[in-house]
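These notes are about the structure you will find just below.
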Amino acid sequence: MTSHIKVPQGGSKIVPGQAIPDNPIIPFIEGDGIGIDITPVMIKVIDAAVEKAYGGQKKIHWMEVYAGEKSTRLYGSDEWLPKETFDALKEYSVSIKGPMTTPVGGGIRSLNVALRQELDLYQCVRPVQYFKGVPSPLKHPELTNMVIFRENTEDIYAGIEWAVGSEGVKKLTKFLQEEMGVKKIRFPESSGIGIKPISVEGTSRLVRAAIKYALDNDRKSVTIVHKGNIMKFTEGLFRDTAYQLAQKEFGAELIDGGPWCKIRNPKSGREIIIKDSIADAFLQQILLRPAEYDVIATTNLNGDYISDALAAQVGGIGIAPGANISDQYACFEATHGTAPKYAGLDKVNPGSLILSAEMMLRHLGWVEAANLVIKSMEAAIGDKQVTYDFARLMDGANELSCSEFGDAMIARI
Ligand SMILES: NC(=O)C1=CN([C@@H]2O[C@H](COP(=O)(O)OP(=O)(O)OC[C@H]3O[C@@H](n4cnc5c(N)ncnc54)[C@H](OP(=O)(O)O)[C@@H]3O)[C@@H](O)[C@H]2O)C=CC1
Ligand SMILES: O=C(O)CCC(=O)C(=O)O
Ligand SMILES: [Mg+2]
């Protein structure tokens, strides 16, 4: 296969376990749909923040790698995720990506999910916090301050499913009925069937990361969100495994006989409460009593729903960042998708991808540049210089295009 990746001159590789070089090579995927609008703006803003923070001492060397529709144009119509892209994401360890399209029903499976699975990026970390001045449907959006830890490799996202009428579904239905004694498939002739694997290992590593984050950042609680009353051996297993891990690995003590428990944070002396909530109830509680929730540990599908719902509470998915993290690799990406109706219009909010890059700067230890990104975004929003999504809900706002919003941030760095 022809190579299309051009390694930038003068950059160095990030090697896990070694100091971050001052000139790291960071691979990026532009993304489908609005990727073409937001990715260049993100790069411009991050370069400006890094330049201002370090006066040329540090500089990111961006390296474009290809996936999604752009990759099919370059490598051939079936090449959605070329091997050299996977190899580069592994070789350079830290990367950032724009959104990629997944068709509904048939067609290719999610490239986003494929990347997470292939690199074993088991933590999807999505912080949700309020920026002063952002329009929100809540009276007190500032009370919403949570960090979602979504399991990223299991659950129905594993893609184990069979289409209605297929040979596979017929075979599986026969097996379930004749060998497993299953009598409850309501319409066996016209069902598609999907399988939901949730494991002790997968749950443990995700919950361990969430509790460690709570300890390192002196957070108040970790809530395990599940639907374990209905899906006892998958979502229920997630809950039980999480509580057991908190007790075994972190010495959590039961509160009033459990299952809630508490850990004393040795660094701050404060208690972290480990509690759980059933997913449907949780979705109404975050609206009515957001201040009671802090770090969230949840399964893949719940985490997907919760991410967009919480993003809306603080102003929408235009400013909802995220990171996919493993023990070796990290790939940063916004919570939102490709918003196809806005593609190429230079209209949408680049904030989610910029804030995802801000998380990346913090991950690299480039805290000064990360702080400048936050400061300049707060300043632009504070001055009511915003994209259409905020402008339509704000009185007296000046509506900017995607690239103009980037420039407004740069002017305030
Ligand atoms: N990680 C990834 O790569 C993800 C990919 N996807 C994929 O994206 C495609 C489209 O999904 P869809 O369900 O439409 O969800 P999207 O998140 O792409 O868009 C839904 C709506 O959210 C708003 N929105 C999204 N991004 C922005 C932004 N940057 N600034 C302002 N508003 C924004 C828009 O609202 P409004 O119309 O009100 O202006 C938009 O119509 C699908 O193929 C899906 O699979 C989805 C999620 C994540
Ligand atoms: O992969 C996709 O197309 C959607 C993924 C998604 O919605 C998410 O990760 O939040
Ligand atoms: Mg989603």
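Check cross-link reach from LYS44 to the aspartates and glutamates: straight Cα distance under 15 Å, and skip same-chain residues fewer than eight apart. Output for LYS44: GLU30, GLU64, ASP346, GLU358, GLU404, ASP407. Using R0 = 25 Å, the C-beta based FRET efficiency linking ILE20 and SER204 works out to 0.30. Solvent exposure of the chain, expressed per residue, is 46 Å² of accessible area, with all protein chains present and a 1.4 angstrom probe. The distance between label points at ALA379 and LYS13 comes to 3.9 nm (points 7 Å beyond Cα on the Cα→Cβ vector). Cα extents for the chain along the principal axes, largest to smallest and rounded to whole angstrom: 67, 56, 48. Ranking of ARG150, ARG219 by solvent-accessible surface, largest first: ARG219, ARG150 (1.4 Å probe, protein heavy atoms only, all chains present). Note on ARG392/VAL164: beta-carbon distance plugged into 1/(1 + (r/R0)^6) with R0 of 56 Å gives a FRET efficiency of 0.85.
Straight distance only, please: which lysines reach the Cα of LYS212 with their own Cα at less than 21 Å, same-chain residues fewer than 8 apart left out? Result set, ordered by chain and number: LYS220, LYS248, LYS262, LYS267, LYS275. The mean sequence distance of close C-alpha pairs (under 8 Å, at least 6 residues apart), as a share of the length of region 285-395, puts its relative contact order at 21 percent.
Separation of region 311-329 and region 84-115 by C-alpha centroid, Å? Cα centroid to Cα centroid, the span is 16 Å. Within the same chain, aspartates and glutamates fewer than 8 places from LYS132 are excluded, and of the rest, those with a Cα less than 12 Å from its Cα are GLU142, GLU378, ASP383. Amide H contacts under 5 Å for LYS347: CYS402, restricted to partners 5 or more places along the chain or on a different chain, H placed in the peptide plane at 1.01 Å from N. Couplings 3J(HN,Hα) of region 54-70, computed from phi: 10, x, x, 5, 10, 7, 7, 9, 6, 10, 6, 10, 10, 7, x, 4, 4 Hz, in residue order, whole Hz [Karplus 6.51 cos²θ - 1.76 cosθ + 1.60, θ = phi - 60°; x for Gly and Pro]. Across the accessible surface of the chain, with the other protein chains kept in place and a 1.4 Å probe, carbon and sulfur atoms take up 53 percent. In this Cβ point-charge picture (+1 for Lys and Arg, -1 for Asp and Glu), the chain has a dipole of about 640 debye about its Cα centre.
The values are calculated or read from the model by the stated rules, or taken from the named source; none is laboratory data. On a predicted model such as this, the values are computed, not experimentally measured, just so you know. When we count neighbours, we look across all protein chains shown, and the Cβ atoms used for this are built from the backbone with ideal geometry, even at glycine. Accessible surface areas use protein heavy atoms only, side chains included; no ligands, DNA or RNA. Shrake-Rupley method; radii C 1.70, N 1.55, O 1.52, S 1.80 Å.
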